[in-house]
Structures are given as C-alpha cells and as structure tokens.
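J.: Take this structure, written in structure tokens, and hold onto it; I'll ask about it next.
The values are calculated or read from the model by the stated rules, or taken from the named source; none is laboratory data. Keep in mind it's a predicted model, so treat the numbers as computed, not measured. Every residue, glycine as well, gets a Cβ built from its backbone with ideal geometry; the counts of neighbours run over all protein chains shown.
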Amino acid sequence: MSRNQVILSMVDRRGNGLEIGPSHSPVAPKRDGFNVQVIDHADRAGLVEKYRAHGVDLDRIEEVDFVWNGTSYLELTGKPNHYDWIIASHVIEHVPDMVGFIRGCDAVLRHGGVLALAVPDKRYCFDRFRSITGIHSLVDAHLEGRRNHSPGRIADYFLNVVTLSGVIGWSPEQSRHRSMADVSFVHGLQDAKSGMQAVVESDAYLDIHAWCFTPSSFRLLVEDLYQLGLSPLREARFQGTGGSEFFVALSREGTGPGIDRFALLHAIDEELADVRLALAG
C-alpha cells in the first residue's frame with residue numbers, strides 16, 4: 001500500500017473527518033469524495049503563495065475551512081465530539097505542546113473516533129543527531145501551558161539539524177555505507193542566536209521539529225502519557241515502514257502497544273544502535 005492508503009486504512013473513510021495541516025499534500029482530499037474539513041496555518045491563497053516556488057502541485061492544495069489562530073481545535077471548529085477521524089501527517093513533531101495537541105484532538109473526536117498520525121523517524125531525516133524526546137519534556141511543556149517553542153529548543157534545532165549527501169530526508173538504504181563525510185549542518189551558530197533572540201524578544205513562532213522520535217520511543221511516550229493520566233488517547237494501531245516514517249492510530253478504545261516498558265526501552269536501544277552502525281558504514 002502507499003503511505004496514504006496505510007493512513008486511510010486506520011480510519012472509517014465514510015465518517016466525518018478533519019485533516020490538520022495537509023499543506024500541499026492532503027491524505028484525504030475533498031476532491032476524492034472525502035467528507036473532510038481542513039485546518040491549516042493559512043487559507044488556500046496563502047498556502048498557494050507560500051509553496052509557489054517549491055515545485056509542488058499547487059492544485060492539490062485544499063480549501064481551508066479553519067485557519068488556525070492559536071486557539072484550541074474545539075474553539076476553532078465549535079464542534080465538540082463531532083469527527084469520526086482526524087488525520088495529521090507530519091504535524092505532531094512541530095507542536096509546542098504535544099499533550100495539549102492530543103487532548104485538543106480528543107475534544108473534537110466522537111466516541112470511538114481515531115487520531116491517525118504519520119510521524120517522521122528521526123534516524124532518517126535532518127533530526128538524525130538530535131536526542132530523542134523524553135517524557136519530562138512533554139510533561140513540562142504541557143504543565144507550563146507552552147504555546148511556543150522554548151529558546152533552548154530553538155537552539156538545539158538550529159545547531160544540530162543536518163543533511164546526508166545534501167538531502168534532509170532519506171531511506172535506511174540510502175544511509176548505509178555512508179560516513180560522517182557525507183553529513184553537513186543545515187544552519188550555523190548565528191542562526192541559533194538569531195532564532196533564540198526572536199523568541200525571547202518578540203515571542204516569534206519558528207516552525208521547527210520540537211520533538212524527535214524513533215518508532216519505539218514514540219509508542220512508549222504515548223503509553224506513558226496515558227498511564228500518567230495526561231492523555232485520554234492510547235495506541236490502537238501501529239505500523240512501521242522500515243523507512244523514514246511510521247504510522248500510529250490513537251483512540252480512547254486503544255489497548256496500548258501490547259509490549260511492556262522494558263521491551264520498548266530495549267527496542268529503542270536497538271533502533272539507535274542500528275542507525276549508528278549504518279552511518280559509520
């Protein structure tokens with residue numbers, strides 16, 4: 001199956017849907033008959049202008065029903081317990097408060113609804129040398145009510161994101177037999193300083209990957225948040241791809257990963273060791 005088919009297999013395609021941040025690549029486009037509404041950071045005209053020089057198919061950009069303005073999805077849509085499914089592809093790693101994002105999605109999902117996520121695997125993208133996100137960061141960001149990225153997170157991003165042979169995302173196969181000579185930084189010290197200054201002085205929002213995951217680390221975080229009572233949603237389905245992203249469906253009816261914490265911690269170690277060996281080549 002294609003990636004879109006995998007994501008769509010996690011939801012009831014006949015139901016009322018919401019797609020968050022589809023940008024120029026919707027998973028469930030209206031033109032294909034999906035009963036879906038769209039949340040994005042700009043209206044369609046703004047998105048067309050943003051991506052005009054990016055070599056993408058501008059015709060695929062959807063009409064935007066709700067332009068996100070920093071409020072909750074419930075306030076934005078005015079539709080509590082309404083949607084049968086929500087799709088968010090490569091969104092959750094950007095949000096300043098991941099717990100708040102999950103809870104916000106839950107507020108507009110009906111009983112039995114599903115949040116379907118496509119999540120980048122940090123081993124195979126520009127986050128390669130950044131640390132995986134720990135539970136402390138997610139808990140603190142939520143309890144602080146964080147609505148923007150911290151200066152420290154901005155610094156970590158600008159100092160450590162990389163390319164591999166000039167690209168910002170790659171497959172496991174492409175990373176094999178490569179050396180550190182193939183790795184380059186995307187940004188520099190001045191970018192980090194400027195980004196921190198923008199956040200401190202004007203609370204500017206910079207669109208970065210705030211959180212970094214491997215498949216097992218994400219599954220563990222989701223389960224820990226549920227067990228701590230911070231998230232109402234639990235893993236209902238997981239599908240790895242052996243590639244640069246993985247797919248997870250969350251719902252109130254989810255039963256969890258079916259793997260204990262020690263097994264997930266061991267799996268995280270193996271995932272990180274595997275990529276170290278691949279890049280050492």
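J.: Between a first residue in the stretch 27-51 that is touching a residue at least 12 places away in the same chain (Cβ under 8 Å) and a second residue that is of a type in the set (V, I, T) and part of a helix (DSSP H, G or I), which pairs have beta carbons less than 9 Å apart while being 6 or more apart in sequence or on different chains?
T.: Listed by first residue and then by second, the contacts come to V27/I7; A28/I7; Q37/T77; I39/T77.
J.: Sort through A249, A273, A236 and tell me the only one that's surrounded by fewer than 15 Cβ atoms within 10 Å (Cβ to Cβ) and of a type in the set (A, V, I, L, M, F, W, C). Spell out how you get there, then give the answer.
T.: On the way: A249 fails: surrounded by fewer than 15 Cβ atoms within 10 Å (Cβ to Cβ); A236 fails: surrounded by fewer than 15 Cβ atoms within 10 Å (Cβ to Cβ).
Exactly one residue qualifies, and that residue is A273.
J.: Please verify whether the stretch 207-228 includes one or more residues that are closer than 20 Å to D97 by Cβ and either touching a Cys at 6+ places or on another chain (Cβ under 7 Å) or modelled with pLDDT under 95 (or both).
T.: There is at least one residue in the stretch 207-228 that is closer than 20 Å to D97 by Cβ and either touching a Cys at 6+ places or on another chain (Cβ under 7 Å) or modelled with pLDDT under 95 (or both).
One line per residue, one yes/no per condition, for (1) among the aromatic types (F, W, Y); (2) crowded, with 19+ Cβ neighbours inside 10 Å; (3) in a helix (DSSP H, G or I):
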| site | (1), (2), (3) |
| --- | --- |
| V11 | no, yes, no |
| S25 | no, no, no |
| R31 | no, no, yes |
| V56 | no, no, no |
| K79 | no, no, no |
| I86 | no, yes, no |
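J.: Let me ask something else about it. Taking A267 as meeting all but one of (1) surrounded by 15 or more Cβ atoms within 10 Å (Cβ to Cβ); (2) touching a helix residue (DSSP H, G or I) at 6+ places or on another chain (Cβ under 8 Å); (3) not in a helix (DSSP H, G or I), write down the number of the exception.
T.: So A267 meets the others, but not (3).
J.: Related question: In the stretch 213-233, which residues are in contact with a strand residue (DSSP E or B) (Cβ under 7 Å, 6 or more places away or on another chain) and surrounded by fewer than 22 Cβ atoms within 10 Å (Cβ to Cβ)?
T.: Let us first name the residues in the stretch 213-233 that are in contact with a strand residue (DSSP E or B) (Cβ under 7 Å, 6 or more places away or on another chain), namely 213, 215, 218-219, 222-223, 226, 233.
Selection gives E223, Y226.
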